[in-house]
Each structure stands twice: as C-alpha cells, then as structure tokens.
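A quick write-up on the structure given underneath.
The values are calculated or read from the model by the stated rules, or taken from the named source; none is laboratory data. Just so we're clear, the structure is a prediction, and the values are computed from it rather than from any experiment. Heads up, the Cβs are rebuilt from the backbone with ideal geometry, glycines too, and the neighbour counts pull from every protein chain shown.
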Amino acid sequence: MLISEIKQRLKSGEPIDAIITIKPYLSHVEKKILCENIINASLDQDENGLVVADYFNRELTKNIGIIVNYTDIEMSEEFLEDYDFLCEQGIVDYILNNMNKSDRYFIKSMVSKGIEQEIKIGNSIESILAKNLQNLIYKIPDEKFIKKLMNDIPKSINKIKPDNMAILKDLFKQGDKIG
C-alpha cells in the first residue's frame, strides 16, 4: 500500500487498525536478513578508522525494516518523508506495539548483539594491526619500482646544473662536519 493511499484513507476517517495489516510472523531467514541489514546500516567508521555505532541509523533502519517486512506498506524513494508521516500519524508506534512481541524482542536482541560483536572485532588490536599492516604493504614499493627508481637516479643527477651541483657538494660537506 502506497503512503498516498494511507493518507487518503486516514482523511476519510478510517482508523489505523482498518488500514494497516500486520503479519503475525516473519520467517527466521527473513528476520536474519532484516537484522543483518540493520546491523550494516548501523556501523560507521570514525576519523581514526575505528568502528562506531550510528544509533540514529539503527533506529531508522530498524523501524523502516519492520514496516516494510511486517506490513504491506510500500516506502517511496522519499522514504524519510514517508517515515516522518508514518511517525506523525502514530502508525510506526501502532506497528511496533502490535507486531509479534517475540519477533520484536528477537530483532532488538540480535541487532544489539551483532553491533556489539562487529565493534569488538573491528576495533580489536588484531584488526587494527591487520588494516594498518595492509596499508603499509600497499605503500612499500615493489622490486620493479625500486629498479626503475635506481635507473632514474643517475638520469636525475645528470640533469642538475653544474652551479647547483657545487652548492649540493658544499651542503654535503657541511653535513659531514655536523654529524
């Protein structure tokens, strides 16, 4: 059911319970997919690369996921506007309060545990070392690049003007005296 249809039916005076049909149960596979989507949308990285939870996204994704999976409501591309309308009309609360309590608890519990687990794994010393080690490996030049660099150094030195070469020699001599 489109949001525009819900708006029409509400304007005509129909009660929410006559408009919204809530599925009594969602299969385990569907709940697992829903929970995984909520967990993925709830995780972010901070400026230091640590995994953090975005609780605003968690709540939004959870509620929209429940609406889409437990009712026949179709969210448009303007899902934030649709969601705000559903909240304003009390439809989100109606759905959450009237859905299968066991499923609601299961989703809440699995999402909380999943987020906690992902943060622990993502912020573990092993994970941080592995990420940084991988970044370091990508930055270390390979053998082909080093050979090319070794071939380019003499060419670059030969391009230095003789006047500048004398200045460089003096700098190196002064450096030997300091060190």
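Here are the numbers for this structure:
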item	result
Unmet requirement for Y138, which otherwise passes all of (1) more than 30 Å from I6 (Cα to Cα); (2) of a type in the set (S, T, Y); (3) surrounded by 15 or more Cβ atoms within 10 Å (Cβ to Cβ)	(3)
Sole residue being under 15 Å from the mean Cα position of the chain (by Cα) and outside any helix (DSSP H, G or I), chosen from G49, G13	G49
Helices (runs of 4 or more DSSP H) enclosed by the stretch 90-154 - at least 1 residues per element that are within 23 Å of the chain's Cα centre (by Cα)	101-122, 125-139
Extreme residue, farthest from G65 (Cα to Cα), among residues of the stretch 86-143 that are among the polar types (S, T, N, Q) and touching a residue at least 12 places away in the same chain (Cβ under 8 Å)	N123
Which listed residue is surrounded by 15 or more Cβ atoms within 10 Å (Cβ to Cβ) and modelled with pLDDT under 95, from I19, I39	I19
Residue match in the stretch 90-108 (condition: farther than 30 Å from S4 by Cβ, among the hydroxyl-bearing types (S, T, Y) and surrounded by fewer than 11 Cβ atoms within 10 Å (Cβ to Cβ))	yes
So Y25, is it surrounded by 12 or more Cβ atoms within 10 Å (Cβ to Cβ) and assigned to a loop (DSSP other than H, G, I, E, B)	yes
Selection from the stretch 16-46 of residues that are aliphatic (A, V, I, L, M) and over 15 Å from the mean Cα position of the chain (by Cα)	I16, A18, I19, I20, I22, L26, V29, I33, L34
Failed condition for E77, given (1) outside any helix (DSSP H, G or I); (2) modelled with pLDDT of 95 or more	(2)
Residue within the stretch 117-132 that is loosely packed, with under 10 Cβ neighbours inside 10 Å and more than 21 Å from I33 (Cβ to Cβ) present	yes
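Residue-wise test of (1) of a type in the set (D, E, K, R); (2) free of Cβ contacts under 8 Å to residues at least 24 places away in the same chain; (3) closer than 17 Å to N57 by Cβ.
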{"residue": "L2", "(1), (2), (3)": "no, no, no"}
{"residue": "E5", "(1), (2), (3)": "yes, yes, no"}
{"residue": "D17", "(1), (2), (3)": "yes, no, no"}
{"residue": "I22", "(1), (2), (3)": "no, no, no"}
{"residue": "Y25", "(1), (2), (3)": "no, no, no"}
{"residue": "H28", "(1), (2), (3)": "no, yes, no"}
{"residue": "K31", "(1), (2), (3)": "yes, no, no"}
{"residue": "I38", "(1), (2), (3)": "no, no, yes"}
{"residue": "S42", "(1), (2), (3)": "no, no, yes"}
